[in-house]
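Enquirer: I have a structure I would like to understand better, so I am pasting it below and will then ask my questions one at a time.
Computed from the coordinates by the stated procedures, all read-outs in this text should not be read as laboratory data. It should be emphasised that the depicted structure is a prediction, and the values quoted were computed from it without experimental measurement. Reconstructed Cβ throughout: ideal geometry from the backbone, glycine too, with neighbour counts over all protein chains shown.
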Amino acid sequence: MTREADVVRSLVEMADTLVDDYDVVDLLTGLTNRCVTLLGASAAGVMLASPSGGLRLIASSSEAMRLLELFELQAQEGPCLDAFRTGEKVEHDNFEAGASRWPVFAATAIRSGFRSGLALPLRLRDAKLGALNLLSVAREPIPEADLVVARAFADLAALSIVQHRASVEAQRLNEQLSGALSSRVVIEQAKGVISERAEVNLADAFSRLRTFARQRNLRLTDVAQAAIDGTLDPRAWTTPGPGPSR
Amino acid sequence: MAGDRLHRILTVVSTGGEPWSSTRLCRACPELVGVSGAGIMLMSGDVPRGSLAASDDVSHLIEDLQYTMGEGPCVDAYQQDRVVIEPDLADPAAPRWLAFTPRALRAGVRAIFGFPLRVGAVRLGALNMYRNAPGLLSDDQHADALVVAEVTARWVLEMQSGAPSRTLARELEIGADFHFSVHNAAGMVSVQEGISVTEALIRLRAFAFSQDRLLADVANGVIARRLRLG
């Protein structure tokens, strides 16, 4: 199979993964591996901005300590941080050229055997999410054609992250929705229980439930659950609460 | 194209200038998808929780029947996470739902469709659409229905996103029918019969089924103390 076919297949595979539930770390790790196998990078990593704004490594093509350390450093300085902050591509940089923009990062990279690297921002419209970093043991810049592919990978990574976040939010809202509904159901059932025990209508039953919870500083849902389970003294409901009920 | 469909759907739902509501979404379905009516059923934990909206009485009955019987196109669409298509309920070769089908037919339903409501991997319920004549949806109508389902699902979550935690968004509670009276009745029956609330719910369902009545109807009888099970 030609390399172009490989690239296209990779993109299609990754786009397919986005459709359903997926593990974003898995997807990004796969993407860093493809940067190595298809683009000739020696190592690759994806760093994402945490809620506090700092960059953290989320996926890398290898778990080698020397590589992880290189990414950790970039929370302070390095191509990833620059690409993330500016939202622009950080061009190929020869770490050995001296007077590097990132003295600590460059020195550590050289010690680890890397001679050059570049970074692409991960962004979707105005949102800056992080950066994709390609590192190379060679001094020569990555060919332009490979850069185009790297750009496509970075865009897909950004999309996957945004979709993942939207999906987490949808999950949260749905749980909240069904949780709220369940609480409400428990309260309605308790109203029925109290109404029958105290021989009052449902509105009075609710008022007794509420009064009981307020006087003891308990959550309404907890008292309602106890009323259903019968763990409260049933006589609690036969004495009306203070004040007129509506 | 999906974008064109979405545009058309949003235009139809927005005409008239009334604020958006789930009922409006349902009422737009006849024009958008060429069906007789539509309803939105919310589900969680594999069971119907209630009807969010319905375009007409028949759609409302379709929702109530499914709530009472625990079976039907929405229940299948949600549980199996796929589109459910029944082009002719009267076809004896396809009696899919033993309890639901004869009652739906009696109400004038001939074809019925269930579309899962989902956002990504999150499942919220199902959108049901019916026709008073047999027949499949055209490819175009089917594609439109999928977009309506998608818009509906996002709309539900969007509404809930404004609610304080532990509470149901007002927009979802107004107009929706979560069958609270059934739960009131279950509480009462549990005391009357000395059984758990869960068991009381099952007894209420069984009673409704055996008397060929809707669950809400039976519940109202219990609440008004006109009716006692057992």
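Enquirer: Mind checking whether some residue in segment A:136-149 is basic (Lys, Arg) and under 18 Å from A:GLY30 (Cα atoms)?
Expert: No, segment A:136-149 has no match at all.
Enquirer: Considering each residue of segment B:29-52, count those that are out of contact with any Asp or Glu (no Cβ under 8 Å at 6 or more places or on another chain), surrounded by 21 or more Cβ atoms within 10 Å (Cβ to Cβ) and part of a helix (DSSP H, G or I), and give that number.
Expert: 1
Enquirer: Could you give every pair whose Cβ atoms fall below 6 Å, whose first residue belongs to segment B:117-134 and is within 14 Å of another protein chain (Cβ to nearest Cβ) and at positive phi, and whose second residue is surrounded by 19 or more Cβ atoms within 10 Å (Cβ to Cβ) and assigned to a strand (DSSP E or B), counting only separations of at least 6 or pairs across chains?
Expert: The qualifying pairs are B:GLY125/B:MET41; B:GLY125/B:LEU42; B:GLY125/B:MET43; B:GLY125/B:LEU117.
Enquirer: Which one of B:VAL156, B:VAL148 is within 14 Å of chain A (Cβ to nearest Cβ), surrounded by 22 or more Cβ atoms within 10 Å (Cβ to Cβ) and either in a helix (DSSP H, G or I) or in contact with a Ser or Thr (Cβ under 7 Å, 6 or more places away or on another chain) (or both)?
Expert: Just one listed residue meets the conditions, B:VAL156.
Enquirer: Same structure, new question: Please pick out the residue among B:HIS179, B:HIS142 that is under 30 Å from A:GLN163 (Cα atoms) and either more than 9 Å from chain A (Cβ to nearest Cβ) or in contact (Cβ under 8 Å) with a residue 60 or more places away in the chain (or both).
Expert: After ruling out the rest, the residue left standing is B:HIS142.
Enquirer: Right, A:ASP222: free of Cβ contacts under 8 Å to residues at least 40 places away in the same chain, more than 8 Å from chain B (Cβ to nearest Cβ), farther than 21 Å from B:ALA176 by Cα and in a helix (DSSP H, G or I) or not? So that I can check it myself, show each step before the final result.
Expert: Values: free of Cβ contacts under 8 Å to residues at least 40 places away in the same chain: yes; more than 8 Å from chain B (Cβ to nearest Cβ): yes; farther than 21 Å from B:ALA176 by Cα: yes; in a helix (DSSP H, G or I): yes.
Considered against the rule, which asks whether it is free of Cβ contacts under 8 Å to residues at least 40 places away in the same chain, more than 8 Å from chain B (Cβ to nearest Cβ), farther than 21 Å from B:ALA176 by Cα and in a helix (DSSP H, G or I), A:ASP222 comes out as yes.
Enquirer: Within segment A:62-82, can one find any residue that is away from every other protein chain (no Cβ under 14 Å), surrounded by fewer than 18 Cβ atoms within 10 Å (Cβ to Cβ), assigned to a helix (DSSP H, G or I) and among the polar types (S, T, N, Q)?
Expert: No, segment A:62-82 has no match at all.
Enquirer: Could I ask something else about it? With the checklist (1) more than 22 Å from A:PRO234 (Cβ to Cβ); (2) within 12 Å of chain A (Cβ to nearest Cβ); (3) of a type outside the set (Phe, Trp, Tyr) in hand, flag the one item B:VAL222 doesn't pass.
Expert: Status for B:VAL222: all satisfied but (1).
Enquirer: Further question on the same structure: Can you pull out the residues in segment A:143-185 that are free of Cβ contacts under 8 Å to residues at least 12 places away in the same chain and hydroxyl-bearing (Ser, Thr, Tyr)?
Expert: Once the filter is applied, which keeps residues that are free of Cβ contacts under 8 Å to residues at least 12 places away in the same chain and hydroxyl-bearing (Ser, Thr, Tyr), segment A:143-185 yields A:SER178, A:SER182.
Enquirer: Where residues in segment B:193-216 are part of a loop (DSSP other than H, G, I, E, B) and farther than 18 Å from A:VAL186 by Cα, which of them is nearest to the chain's Cα centre (by Cα)?
Expert: Among residues in segment B:193-216 that are part of a loop (DSSP other than H, G, I, E, B) and farther than 18 Å from A:VAL186 by Cα, the one nearest to the chain's Cα centre (by Cα) is B:LEU214.
Enquirer: Taking the condition of being surrounded by fewer than 18 Cβ atoms within 10 Å (Cβ to Cβ) and either in contact (Cβ under 8 Å) with a residue 60 or more places away in the chain or within 11 Å of chain A (Cβ to nearest Cβ) (or both), how many residues in segment B:196-211 meet it?
Expert: Qualifying residue count for the region: 3.
Here is a yes/no grid of residues against (1) in contact with a Phe, Trp or Tyr (Cβ under 7 Å, 6 or more places away or on another chain); (2) over 20 Å from A:ALA127 (Cβ atoms); (3) facing chain B (nearest Cβ under 7 Å):
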{"position": "A:ASP146", "(1), (2), (3)": "no, yes, no"}
{"position": "A:LEU159", "(1), (2), (3)": "no, no, no"}
{"position": "A:HIS164", "(1), (2), (3)": "no, no, no"}
{"position": "A:ARG172", "(1), (2), (3)": "no, no, no"}
{"position": "A:LEU177", "(1), (2), (3)": "no, yes, yes"}
{"position": "A:SER183", "(1), (2), (3)": "no, yes, yes"}
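Enquirer: How many of the residues in segment A:153-177 are surrounded by fewer than 16 Cβ atoms within 10 Å (Cβ to Cβ) and of a type in the set (Gly, Ala, Ser)?
Expert: 1
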